[in-house]
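Enquirer: One structure follows; several queries about it will come next.
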Amino acid sequence: MTTSEDVQYSRSDEWFDSQGLRCAVAVFRPAAATADTPAVVMAHGFGTPRAFCLYAYADEFARAGYTVLVFDYRHFGESEGEPRQLLDITKQHQDWRNAVAYARSLDGIDSRRIVGWGTSFAGGHVLTLAGTGENFAAVIAQVPHVDGVAAVRATGLRNAVRLIPSAIADQARALLKRSPRYIDSVGRPGDLAVMTSPDAMDGRNRLLAASGLNDGDYPETVAARILLRIAFYSPGRTAAAIRCPALIHIMADDAVTPASVAIKTALKIPDATVH
(Lines give C-alpha, C1' and ligand atoms only; values in the text may rest on other atoms or scores of the structure.)
Protein backbone atom coordinates (compact mmCIF):
# COMPACT_ATOMS: atom_id res chain seq x y z
CA MET A 1 0.00 0.00 0.00
CA THR A 2 1.26 3.48 -0.87
CA THR A 3 0.28 6.83 0.59
CA SER A 4 0.21 10.30 -0.98
CA GLU A 5 2.94 12.68 0.18
CA ASP A 6 0.60 14.78 2.32
CA VAL A 7 -1.20 11.69 3.71
CA GLN A 8 -4.63 12.64 2.38
CA TYR A 9 -5.25 9.16 1.01
CA SER A 10 -3.74 5.71 0.63
CA ARG A 11 -3.56 3.57 -2.50
CA SER A 12 -3.57 -0.21 -2.71
CA ASP A 13 -3.24 -2.31 -5.87
CA GLU A 14 -5.85 -5.06 -5.86
CA TRP A 15 -7.83 -7.18 -8.30
CA PHE A 16 -11.35 -8.46 -8.83
CA ASP A 17 -12.64 -11.47 -10.73
CA SER A 18 -14.38 -10.91 -14.06
CA GLN A 19 -15.63 -14.11 -15.66
CA GLY A 20 -12.64 -16.06 -14.38
CA LEU A 21 -9.95 -13.49 -15.18
CA ARG A 22 -8.32 -10.98 -12.86
CA CYS A 23 -8.91 -7.30 -13.48
CA ALA A 24 -6.36 -4.96 -11.92
CA VAL A 25 -7.87 -2.21 -9.76
CA ALA A 26 -6.16 0.57 -7.82
CA VAL A 27 -8.14 1.56 -4.73
CA PHE A 28 -7.64 5.06 -3.33
CA ARG A 29 -8.95 5.50 0.22
CA PRO A 30 -9.22 8.94 1.91
CA ALA A 31 -7.17 8.92 5.09
CA ALA A 32 -9.45 11.20 7.12
CA ALA A 33 -12.67 9.21 6.55
CA THR A 34 -14.60 8.58 9.79
CA ALA A 35 -17.66 7.00 8.18
CA ASP A 36 -18.49 4.98 5.09
CA THR A 37 -17.63 7.03 1.99
CA PRO A 38 -19.17 7.25 -1.45
CA ALA A 39 -17.06 5.61 -4.16
CA VAL A 40 -16.17 6.54 -7.71
CA VAL A 41 -15.48 3.67 -10.12
CA MET A 42 -13.40 4.74 -13.12
CA ALA A 43 -12.23 3.26 -16.43
CA HIS A 44 -10.70 4.61 -19.63
CA GLY A 45 -11.82 4.98 -23.21
CA PHE A 46 -11.16 3.28 -26.54
CA GLY A 47 -8.29 0.81 -26.21
CA THR A 48 -6.59 2.86 -23.49
CA PRO A 49 -5.23 1.65 -20.12
CA ARG A 50 -5.94 3.43 -16.83
CA ALA A 51 -2.31 4.61 -16.60
CA PHE A 52 -3.08 7.22 -19.26
CA CYS A 53 -3.93 10.05 -16.82
CA LEU A 54 -6.79 8.43 -14.87
CA TYR A 55 -4.74 8.44 -11.66
CA ALA A 56 -4.76 12.25 -11.79
CA TYR A 57 -8.56 12.21 -11.64
CA ALA A 58 -8.47 9.63 -8.85
CA ASP A 59 -6.13 11.90 -6.89
CA GLU A 60 -8.66 14.76 -7.03
CA PHE A 61 -11.60 12.59 -5.99
CA ALA A 62 -9.65 10.94 -3.15
CA ARG A 63 -8.59 14.35 -1.83
CA ALA A 64 -12.26 15.36 -1.88
CA GLY A 65 -13.15 12.42 0.38
CA TYR A 66 -14.24 9.74 -2.07
CA THR A 67 -12.94 6.20 -2.25
CA VAL A 68 -11.88 5.67 -5.87
CA LEU A 69 -11.46 2.45 -7.84
CA VAL A 70 -9.56 2.71 -11.13
CA PHE A 71 -9.53 -0.50 -13.16
CA ASP A 72 -8.22 -1.91 -16.43
CA TYR A 73 -10.54 -3.95 -18.63
CA ARG A 74 -9.68 -7.53 -19.38
CA HIS A 75 -7.12 -7.77 -22.21
CA PHE A 76 -5.68 -4.31 -21.40
CA GLY A 77 -3.10 -2.75 -19.11
CA GLU A 78 -2.33 -4.76 -15.98
CA SER A 79 -5.40 -7.00 -16.25
CA GLU A 80 -5.39 -10.59 -17.47
CA GLY A 81 -6.86 -11.74 -20.75
CA GLU A 82 -5.60 -13.15 -24.04
CA PRO A 83 -5.33 -12.06 -26.75
CA ARG A 84 -4.11 -8.65 -25.69
CA GLN A 85 -5.77 -5.43 -26.84
CA LEU A 86 -9.10 -7.14 -27.50
CA LEU A 87 -11.89 -4.57 -27.20
CA ASP A 88 -15.16 -6.42 -26.68
CA ILE A 89 -18.11 -4.21 -25.70
CA THR A 90 -20.05 -6.96 -23.95
CA LYS A 91 -16.98 -8.01 -21.96
CA GLN A 92 -16.29 -4.43 -20.97
CA HIS A 93 -19.85 -4.05 -19.70
CA GLN A 94 -19.33 -7.22 -17.62
CA ASP A 95 -16.06 -5.80 -16.29
CA TRP A 96 -17.90 -2.63 -15.25
CA ARG A 97 -20.59 -4.60 -13.40
CA ASN A 98 -17.97 -6.69 -11.65
CA ALA A 99 -15.96 -3.59 -10.71
CA VAL A 100 -19.06 -1.96 -9.21
CA ALA A 101 -19.90 -5.16 -7.33
CA TYR A 102 -16.34 -5.23 -5.99
CA ALA A 103 -16.68 -1.63 -4.82
CA ARG A 104 -19.91 -2.47 -3.00
CA SER A 105 -18.13 -5.36 -1.24
CA LEU A 106 -15.36 -3.24 0.28
CA ASP A 107 -15.36 -2.17 3.90
CA GLY A 108 -15.66 1.56 4.44
CA ILE A 109 -17.78 2.21 1.33
CA ASP A 110 -21.41 3.27 1.33
CA SER A 111 -22.76 0.71 -1.15
CA ARG A 112 -25.74 2.96 -1.92
CA ARG A 113 -23.50 5.75 -3.21
CA ILE A 114 -21.47 4.40 -6.12
CA VAL A 115 -20.65 6.81 -8.95
CA GLY A 116 -19.73 5.57 -12.43
CA TRP A 117 -17.13 7.78 -14.15
CA GLY A 118 -16.13 7.16 -17.73
CA THR A 119 -14.38 9.05 -20.51
CA SER A 120 -14.95 8.66 -24.25
CA PHE A 121 -15.91 5.01 -24.92
CA ALA A 122 -16.25 4.40 -21.16
CA GLY A 123 -18.47 7.47 -20.96
CA GLY A 124 -20.79 5.55 -23.24
CA HIS A 125 -20.44 2.47 -21.04
CA VAL A 126 -21.54 4.23 -17.83
CA LEU A 127 -24.53 5.75 -19.64
CA THR A 128 -25.47 2.34 -21.04
CA LEU A 129 -25.21 0.65 -17.65
CA ALA A 130 -27.19 3.40 -15.92
CA GLY A 131 -29.86 3.14 -18.60
CA THR A 132 -30.13 -0.64 -18.34
CA GLY A 133 -30.48 -1.16 -14.62
CA GLU A 134 -27.15 -0.58 -12.84
CA ASN A 135 -28.01 1.16 -9.58
CA PHE A 136 -25.55 4.06 -9.68
CA ALA A 137 -26.01 6.99 -7.32
CA ALA A 138 -24.78 9.18 -10.18
CA VAL A 139 -22.79 8.98 -13.40
CA ILE A 140 -20.16 11.27 -14.88
CA ALA A 141 -19.58 10.92 -18.61
CA GLN A 142 -16.68 12.89 -20.08
CA VAL A 143 -16.87 13.45 -23.87
CA PRO A 144 -18.93 10.25 -24.09
CA HIS A 145 -19.42 8.03 -27.11
CA VAL A 146 -23.21 8.15 -27.56
CA ASP A 147 -23.99 7.31 -31.20
CA GLY A 148 -22.13 4.74 -33.28
CA VAL A 149 -23.30 5.99 -36.66
CA ALA A 150 -22.42 9.58 -35.77
CA ALA A 151 -18.96 8.47 -34.62
CA VAL A 152 -18.30 6.69 -37.92
CA ARG A 153 -19.49 9.71 -39.90
CA ALA A 154 -17.35 12.07 -37.82
CA THR A 155 -14.18 10.09 -38.46
CA GLY A 156 -14.85 10.24 -42.21
CA LEU A 157 -16.18 7.80 -44.77
CA ARG A 158 -12.82 7.56 -46.54
CA ASN A 159 -11.03 6.54 -43.36
CA ALA A 160 -13.79 4.05 -42.50
CA VAL A 161 -13.50 2.40 -45.92
CA ARG A 162 -9.71 2.11 -45.54
CA LEU A 163 -10.16 0.33 -42.19
CA ILE A 164 -12.71 -2.25 -43.34
CA PRO A 165 -10.21 -4.76 -44.85
CA SER A 166 -8.28 -4.92 -41.55
CA ALA A 167 -11.50 -5.34 -39.59
CA ILE A 168 -12.73 -8.16 -41.82
CA ALA A 169 -9.32 -9.87 -41.77
CA ASP A 170 -9.23 -9.73 -37.98
CA GLN A 171 -12.76 -11.11 -37.69
CA ALA A 172 -11.79 -13.98 -39.99
CA ARG A 173 -8.70 -14.66 -37.89
CA ALA A 174 -10.90 -14.72 -34.77
CA LEU A 175 -13.16 -17.35 -36.34
CA LEU A 176 -10.09 -19.41 -37.23
CA LYS A 177 -8.71 -19.05 -33.66
CA ARG A 178 -5.67 -17.15 -34.90
CA SER A 179 -3.89 -14.18 -33.35
CA PRO A 180 -5.52 -10.78 -34.00
CA ARG A 181 -4.85 -8.33 -36.79
CA TYR A 182 -4.02 -5.16 -34.88
CA ILE A 183 -4.50 -1.56 -35.90
CA ASP A 184 -3.21 1.63 -34.31
CA SER A 185 -5.72 3.42 -32.09
CA VAL A 186 -4.40 6.91 -32.92
CA GLY A 187 -2.54 8.30 -35.92
CA ARG A 188 -1.92 11.34 -38.06
CA PRO A 189 -4.31 12.26 -40.89
CA GLY A 190 -3.79 9.73 -43.66
CA ASP A 191 -2.41 7.02 -41.36
CA LEU A 192 -4.12 3.65 -41.14
CA ALA A 193 -5.48 4.14 -37.62
CA VAL A 194 -8.83 4.41 -35.87
CA MET A 195 -8.64 8.07 -34.80
CA THR A 196 -6.84 10.29 -37.30
CA SER A 197 -8.31 13.76 -36.78
CA PRO A 198 -5.75 16.60 -37.02
CA ASP A 199 -5.63 16.94 -33.22
CA ALA A 200 -5.66 13.22 -32.33
CA MET A 201 -1.91 12.54 -32.14
CA ASP A 202 -1.10 15.83 -30.44
CA GLY A 203 -3.76 15.08 -27.82
CA ARG A 204 -2.32 11.62 -27.33
CA ASN A 205 1.16 13.09 -26.85
CA ARG A 206 -0.06 15.54 -24.21
CA LEU A 207 -1.88 12.74 -22.40
CA LEU A 208 1.24 10.58 -22.45
CA ALA A 209 3.42 13.39 -21.07
CA ALA A 210 0.91 14.28 -18.35
CA SER A 211 0.89 10.63 -17.25
CA GLY A 212 4.69 10.43 -16.97
CA LEU A 213 4.77 7.71 -19.62
CA ASN A 214 7.01 7.10 -22.61
CA ASP A 215 6.35 5.75 -26.08
CA GLY A 216 6.08 1.97 -25.89
CA ASP A 217 5.20 1.71 -22.20
CA TYR A 218 1.79 0.35 -23.24
CA PRO A 219 0.52 -0.98 -26.58
CA GLU A 220 -1.60 1.57 -28.43
CA THR A 221 -3.39 -0.80 -30.77
CA VAL A 222 -6.68 -2.69 -30.82
CA ALA A 223 -7.79 -5.90 -32.47
CA ALA A 224 -9.38 -4.50 -35.63
CA ARG A 225 -12.63 -6.53 -35.34
CA ILE A 226 -14.12 -3.87 -33.04
CA LEU A 227 -14.45 -1.59 -36.08
CA LEU A 228 -17.25 -3.84 -37.38
CA ARG A 229 -19.26 -3.10 -34.23
CA ILE A 230 -18.80 0.56 -33.37
CA ALA A 231 -21.60 1.74 -35.68
CA PHE A 232 -24.05 -0.52 -33.80
CA TYR A 233 -23.11 0.71 -30.32
CA SER A 234 -25.21 3.74 -29.41
CA PRO A 235 -25.51 4.36 -25.63
CA GLY A 236 -27.85 7.26 -26.34
CA ARG A 237 -30.64 4.80 -27.10
CA THR A 238 -31.20 4.08 -23.41
CA ALA A 239 -30.43 7.56 -22.07
CA ALA A 240 -34.09 8.32 -21.30
CA ALA A 241 -34.15 5.37 -18.89
CA ILE A 242 -31.35 6.80 -16.69
CA ARG A 243 -32.83 7.60 -13.28
CA CYS A 244 -29.78 8.84 -11.40
CA PRO A 245 -28.22 12.31 -11.71
CA ALA A 246 -25.81 12.55 -14.64
CA LEU A 247 -23.00 15.03 -15.29
CA ILE A 248 -22.10 15.20 -18.97
CA HIS A 249 -18.93 16.97 -20.14
CA ILE A 250 -19.06 17.87 -23.84
CA MET A 251 -16.38 19.41 -26.04
CA ALA A 252 -17.69 22.08 -28.37
CA ASP A 253 -15.29 20.96 -31.11
CA ASP A 254 -15.14 17.19 -30.75
CA ALA A 255 -13.92 15.36 -33.85
CA VAL A 256 -15.24 11.96 -32.71
CA THR A 257 -18.52 12.69 -30.89
CA PRO A 258 -20.11 15.82 -32.40
CA ALA A 259 -21.36 18.17 -29.69
CA SER A 260 -24.84 18.37 -31.21
CA VAL A 261 -25.24 14.59 -30.92
CA ALA A 262 -23.95 14.52 -27.33
CA ILE A 263 -26.26 17.37 -26.31
CA LYS A 264 -29.24 15.62 -27.89
CA THR A 265 -28.46 12.53 -25.82
CA ALA A 266 -27.97 14.51 -22.61
CA LEU A 267 -31.35 16.17 -23.06
CA LYS A 268 -32.99 12.74 -22.93
CA ILE A 269 -31.69 12.13 -19.39
CA PRO A 270 -34.26 13.33 -16.83
CA ASP A 271 -31.67 14.67 -14.34
CA ALA A 272 -28.66 15.76 -16.38
CA THR A 273 -26.22 18.62 -15.91
CA VAL A 274 -24.29 19.53 -19.05
CA HIS A 275 -20.97 21.35 -19.11
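Enquirer: What number, in percent, do you get for the relative contact order of the range 137-275 if the mean sequence gap of Cα pairs under 8 Å and at least 6 apart is divided by its residue count? Write out the running numbers ahead of the final one.
Expert: Details: 219 pairs, mean separation 52.3, N = 139.
Reported as a whole number, the value is 38 percent.
Enquirer: Using mean Cβ contacts within 10 Å as the protection proxy, how do 116-126, 34-44 order, highest first?
Expert: Numbers: 116-126: 26.7, 34-44: 20.2.
Ranked from most to least packed, the peptides come out as 116-126, 34-44.
Enquirer: Could you state how much accessible area GLU82 has, in square angstrom rounded to the nearest 10, with a 1.4 Å probe and all protein chains kept in place?
Expert: Its heavy atoms expose roughly 140 Å² to the probe.
Enquirer: Same structure again: Residues with amide H under 5 Å of MET195's amide H, sequence separation 5 or more or different chain, H placed in the peptide plane at 1.01 Å from N; which?
Expert: It is VAL186, GLY187, by chain and number.
Enquirer: Turning to a different aspect of this structure: Compute for the range 127-166: radius of gyration divided by Kirkwood radius, i.e. Rg/Rh, restricted to C-alpha atoms, rounded to two decimals. Walk me through the numbers on the way to the answer.
Expert: Values: Rg = 14.8 Å, Rh = 12.5 Å.
Radius of gyration over Kirkwood radius for the range 127-166 works out to 1.19.
Enquirer: Using the crude model of +1 on Lys and Arg Cβ and -1 on Asp and Glu Cβ, and no other charge, please compute the dipole size for the range 1-60 relative to its Cα centre, in debye to 20. Spell out each step's value before the answer.
Expert: Values: 4 positive and 8 negative charges, 40 e Å.
It comes to approximately 200 debye.
Enquirer: When each pair of different Cα atoms in the range 40-185 is counted once in the 1/r mean, what is the Kirkwood radius in angstroms, to one decimal? Could you put the intermediate results ahead of the total?
Expert: On the way: mean 1/r = 0.0605 Å⁻¹.
Over the range 40-185, the inverse of the mean reciprocal pair distance is 16.5 Å.
Enquirer: Over the chain, what is the mean sequence separation of C-alpha contacts under 8 Å (at least six apart), divided by residue count, expressed as relative contact order in percent?
Expert: Details: 591 pairs, mean separation 49.7, N = 275.
That works out to 18 percent.
Enquirer: Assuming R0 = 41 Å, can you tell me the calculated FRET efficiency for the pair ARG153 and ALA33, based on Cβ-Cβ distance, to the nearest 0.05? Working shown, then result.
Expert: Values: r = 46 Å, r/R0 = 1.12.
The formula returns an efficiency of 0.35 here.
Enquirer: Counting only Cα, what are the radius of gyration and maximum Cα-Cα distance Dmax of the chain, in Å?
Expert: Here Rg and the maximum Cα pair distance are 18.2, 56 Å.
Enquirer: Using a Förster radius of 35 Å, what is the FRET efficiency between GLU82 and THR132 based on their Cβ-Cβ separation? Nearest 0.05, please. List each step's numbers first, then the result.
Expert: On the way: r = 28 Å, r/R0 = 0.81.
Once the sixth-power term is evaluated, E becomes 0.80.
Enquirer: Contour minus end-to-end for ASP199 and SER260, with contour as 0.36 nm per residue of separation and end-to-end as the Cα-Cα distance? The partial results should precede the final answer.
Expert: Values: separation 61, 0.36 × 61 = 21.96 nm, distance 1.94 nm.
Computed gain between ASP199 and SER260 is 20.0 nm.
Enquirer: Find the all-direction average of the projected area of the Cα convex hull for the range 25-97, expressing the result in square nanometres with one decimal place. Don't skip to the end; give the middle numbers.
Expert: Working: hull surface 19.8 nm².
Average projection, Cα convex hull of the range 25-97: 5.0 nm².
The values are calculated or read from the model by the stated rules, or taken from the named source; none is laboratory data. Remember, predicted model here, so these are calculated numbers, not experimental data. Heads up, the Cβs are rebuilt from the backbone with ideal geometry, glycines too, and the neighbour counts pull from every protein chain shown. Please note that ligands, DNA and RNA were not included when accessible areas were found on the heavy atoms of the full protein model with its side chains. Shrake-Rupley method; radii C 1.70, N 1.55, O 1.52, S 1.80 Å.
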